[in-house]
1. Starting from 0.36 nm per residue, how many nanometres of slack lie between LEU67 and GLN252 once their C-alpha separation is accounted for?
2. Between GLN171 and ALA216, what length in nm is gained on full extension when 0.36 nm per residue of separation is reduced by their alpha carbon distance?
3. Among ILE212, ILE268, which comes first, then next, by fewest other beta-carbon atoms within 10 Å?
4. Quick check: the distance between the Cα centres of region 85-124 and region 253-282, to the nearest angstrom?
5. Please rank TYR218, TYR243, fewest neighbouring Cβ atoms within 10 Å first, as an exposure proxy.
6. With labels modelled as points extended 7 Å from the Cα through the Cβ direction, what inter-label distance (nm, one decimal) is found for GLU209 paired with GLN150?
7. Can you check what the net charge comes to around GLU278, using other residues whose Cβ is under 12 Å from the Cβ of GLU278 (Lys, Arg +1; Asp, Glu -1)?
8. Sort out for me the Cα centre separation of region 131-159 from region 211-227, rounded to whole Å.
Amino acid sequence: MKSDVQKFSLVLLAVLAAVIFLHAAMPWIDAHQVLIGSIVAGSVAITVGLLTYNGVKLSQMEAANRLRDELEHSRKESEKDREHAAREAHLERLRTMRREVYMEAAAELVNMQSHINRLPGLKPGVGDAIEGVKPFQIAVSRVAIVAEAQTVTMARQLSYDFSTVIVDALQFLTPALIRKSAATVREQHVARANAEMDRIMGLMRNHTENNIQDPARYHGLELSYNSQVTLRDTAQRELEAAYADVGESHRQYVTFLNERMKPLAVQIDKLLAAIRAELGLVTNQDALQAQTDQLLIEAQKLIEKVQPALNANPAKKDQ
């Protein structure tokens with residue numbers, strides 16, 4: 001970089017050279033004033049024309065560039081609008097499909113909980129117990145097609161946990177179901193014994209009313225009647241013992257189910273919140289959790305309230 005002194009020196013030399021040139025050229029300029037005037041006028045005209053042409057050219061180029069930029073911007077905006085419209089249409093179709101699938105899954109979730117509550121009334125064996133899980137498993141499989149990955153994981157885990165609850169519950173319910181079958185047989189024995197006692201009593205009454213003199217036959221009727229009384233009483237005791245065992249199994253099942261349903265209730269809340277989020281609905285997770293906890297507390301209070309009555313009154317067939 002040149003210093004300021006050097007720059008000033010160069011400018012001064014240039015001015016000095018220009019003055020010397022003009023001083024030397026003055027005689028020639030005085031002799032050719034007309035020619036020089038024509039040259040200057042022509043140069044000015046040419047310069048003005050060039051400037052005008054360049055100004056018009058620049059204006060046209062600027063207008064063309066501005067128009068091209070506007071067209072490019074319009075094209076990009078149109079593409080964005082089309083992409084946005086296509087994306088919104090796809091999301092709306094997906095939301096519609098999800099609503100249908102989620103409504104079915106919610107219904108099957110309620111059926112699944114009802115199935116667990118109905119387990120004590122099923123027939124012995126695992127067939128009916130496992131069969132009741134299939135509708136919910138099918139609903140979860142449909143959820144897995146349309147839901148987000150996190151929701152799919154939660155739904156599949158919930159389905160597995162429900163199945164585990166049913167399998168674990170069979171350790172309480174299978175003996176109860178077997179004892180129910182035994183109780184049914186004992187009920188038949190009691191009914192047949194009562195019917196036979198009524199028949200024998202009728203014969204004995206006929207023997208007495210008609211004053212039939214046949215002590216041996218009457219004694220035989222008495223022995224038969226007493227035998228049926230013994231059979232009936234034995235069957236009745238076995239029936240009551242079976243019902244007591246069934247009641248105890250049911251009480252154990254209620255305790256087991258109460259403990260296992262607490263974590264399941266939390267899982268259900270989280271799954272419902274995830275589903276609502278996918279449908280664009282806002283869920284107050286804390287409020288939902290607080291309500292679930294309160295409902296579980298109330299359910300436990302209800303169980304504790306009726307437990308003494310269940311312990312004091314063994315289960316009967318109609319219970």
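Readers should treat all values here as calculations from the given coordinates under stated rules, not as data from a laboratory. This structure is a prediction, so every number in the text was calculated from the model and none was measured. Glycine gets a Cβ as well: all are built from the backbone with ideal geometry, and neighbour counts include every protein chain shown.
1. Length difference between fully extended and current span is 58.4 nm.
2. Computed gain between GLN171 and ALA216 is 10.8 nm.
3. Ascending Cβ contact count within 10 Å gives the list ILE212, ILE268.
4. 14
5. So the ranking, lowest neighbour count to highest, is TYR218, TYR243.
6. 8.3
7. Computed value for this residue: +3.
8. 70
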